[in-house]
Amino acid sequence: MVLVVVFGAALLVAVLLSGLAARTVLSTSFLFLVGGALVSDGFLGLIHITPDSEIVSVTADLALFAVLFTDGMHVSLPKLRASWKNPARALGLGMPLAFVFMALITHYLVGLDWTTSFLVGAVLAPTDPVFASAIVGRTEVPAKLRQLLNVESGINDGLALPVVLILIAAAGPTADSAEASGSTIAMELLLGLVFGIALPLLVNWLVRFRLLGAEPKLQPLLPLATGIILYAACHLTHANPYLAAFSAGAVIVHVSPEAKEFFEPLGEALAELAKFAALLVFGALLTPQLFGDLSFGGYVAVVLAIVLIRPASLLISLLGTRISRKERLVAAWFGPKGFASVVYGLLVLQSGIPQAEEAFTLIAVCIAFSIIAHSSTDVPIARAFDVDELAGIPDKPADVDARPKEVQADAGT
């Protein structure tokens, strides 16, 4: 119950400061991360959470599922078909380059064996647009840039997962386990894709029956019910829930755009709550001991991962594209490590491989530094695209605001 009180207090503070945070370098994500750290055993000792606590894996899992489900609803297939080349470059070239570069510096600077080093690279390869919301969530920012970041981050989670699972098996006691798990991983991904496509189609088919249909005030709950059933079905059958979540969101917006419109306010709020809960719990793991366990070489690797590896990898992948220099630089910087990396890092820790704890320490510190760096720089960088009213709250009284009503309405969305 103490954790519930702490979460409620953190949520209240975050909401009260959200207007200020949306106009400055202050970040609500950072508030929850710091709040979790302050109430943990490392500081005030109000809550007692360890990496193997069930609440850690459950909250991270739910948060990633919720974020991917809502992210999938932002995928427009017509727009994607019209401009798929940049995301394809980021996924097909930028992500593998970041994966390999991270493995190299992990091996040579931290001293982990090659298999575990590549495992760390795979865990830290996925990106998360949640911590760059002022960039991906504003219509004033060029659509090509927003689509690149959203599509890349939405798909790379699913691409990284089989690599993470195979490398965990390869780093285990027997090399044969990697081969044995290959078919299992493929089946889990296939089931996740099938569930993510079939269930929304089934629900959409049921809605079309004359005697069935939701009244207006309950229509937002239809996609929610779909998501809940999908989450449970995936865990009962060991299907991949993250691929299922993203594909389900994309199918819903394709077959029933009105359902997406009804659900969007509720879905975004639920995803935010899940994200904040996961950040609070993850912050509780960031004790002084964890930071003290990371070597100097580990800190160098973390800094290089954020300021060099991601930017260089994406810039290389975007060479020759028509995207502007400013947009390329912004896309290269915003490669934050988010919930996918948290979940995959916990899989590493709980796997029992020989260097699991060392790998998790490096992963956790890198995620924490990434959240701080990226969520505190999205607002200043967004201003480069003439995004002025980032909070939707005018700095001066509304009765003296001389902007056209249409501009005021756009600024409040």
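Quick look at the values:
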| read-out | value |
| --- | --- |
| Where a residue in region 194-214 is without any contact (Cβ under 8 Å) to a residue 40 or more places away in the chain and its partner, wherever it lies, is part of a loop (DSSP other than H, G, I, E, B) and exposed (fewer than 12 other Cβ atoms within 10 Å of the Cβ), with Cβ under 7 Å and at least six apart | Leu206/Leu212 |
| Verdict on Thr226 being free of Cβ contacts under 8 Å to residues at least 60 places away in the same chain, open to solvent by less than 40 Å² (accessible area, probe 1.4 Å) and over 22 Å from Ser153 (Cβ atoms) | yes |
| In region 307-325, the residues that are within 16 Å of Ala103 (Cβ to Cβ) and surrounded by 14 or more Cβ atoms within 10 Å (Cβ to Cβ) | Ile309, Arg310, Ala312, Ser313 |
| Among (1) out of contact with any Phe, Trp or Tyr (no Cβ under 8 Å at 6 or more places or on another chain); (2) within 28 Å of Gly111 (Cβ to Cβ), the one test that Pro336 misses | (1) |
| Considering residues of region 186-208 that are more than 16 Å from Val255 (Cβ to Cβ) and small (Gly, Ala, Ser) only, the residue most open to solvent (accessible area, probe 1.4 Å) | Ala186 |
| Test result for Tyr299, open to solvent by 40 Å² or more (accessible area, probe 1.4 Å) and touching a residue at least 60 places away in the same chain (Cβ under 8 Å) | yes |
| Top-ranked residue of region 95-130 - restricted to ones that are part of a helix (DSSP H, G or I), polar (S, T, N, Q) and touching a Ser or Thr at 6+ places or on another chain (Cβ under 7 Å), ranked as farthest from Asp378 (Cα to Cα) | Ser117 |
| Single condition Gly45 does not satisfy, out of (1) in contact (Cβ under 8 Å) with a residue 24 or more places away in the chain; (2) small (Gly, Ala, Ser); (3) open to solvent by 20 Å² or more (accessible area, probe 1.4 Å) | (1) |
| Qualifying position, being under 20 Å from the mean Cα position of the chain (by Cα), closer than 19 Å to Leu64 by Cα, in contact (Cβ under 8 Å) with a residue 60 or more places away in the chain and open to solvent by 20 Å² or more (accessible area, probe 1.4 Å), among Leu270, Leu266 | Leu270 |
| Residue, modelled with the highest pLDDT, within region 374-410, restricted to residues that are crowded, with 20+ Cβ neighbours inside 10 Å and not in a loop (DSSP other than H, G, I, E, B) | His374 |
| Any hit, region 229-249, residues being open to solvent by 60 Å² or more (accessible area, probe 1.4 Å), closer than 23 Å to Gly213 by Cα and either modelled with pLDDT under 90 or not hydrophobic (A, V, I, L, M, F, W, C) (or both) | no |
| Qualifying residue in region 183-195 (condition: farther than 30 Å from Ser27 by Cβ, in a helix (DSSP H, G or I) and among the polar types (S, T, N, Q)) | yes |
| Search result, residues across region 336-351 that are surrounded by fewer than 24 Cβ atoms within 10 Å (Cβ to Cβ) and in contact with a Ser or Thr (Cβ under 6 Å, 6 or more places away or on another chain) | Leu346 |
| Subset of region 250-262 (residues that are under 14 Å from Phe69 (Cα atoms), open to solvent by less than 50 Å² (accessible area, probe 1.4 Å) and not basic (Lys, Arg)) | Ala250, Val251, Ile252, Val253, Ala259 |
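The values are calculated or read from the model by the stated rules, or taken from the named source; none is laboratory data. Keep in mind it's a predicted model, so treat the numbers as computed, not measured. In this analysis, Cβ positions are derived from the backbone assuming ideal geometry, glycine residues included, and neighbour counts consider all displayed protein chains. Side chains included, ligands, DNA and RNA excluded: accessible areas come from the protein's heavy atoms. Shrake-Rupley method; radii C 1.70, N 1.55, O 1.52, S 1.80 Å.
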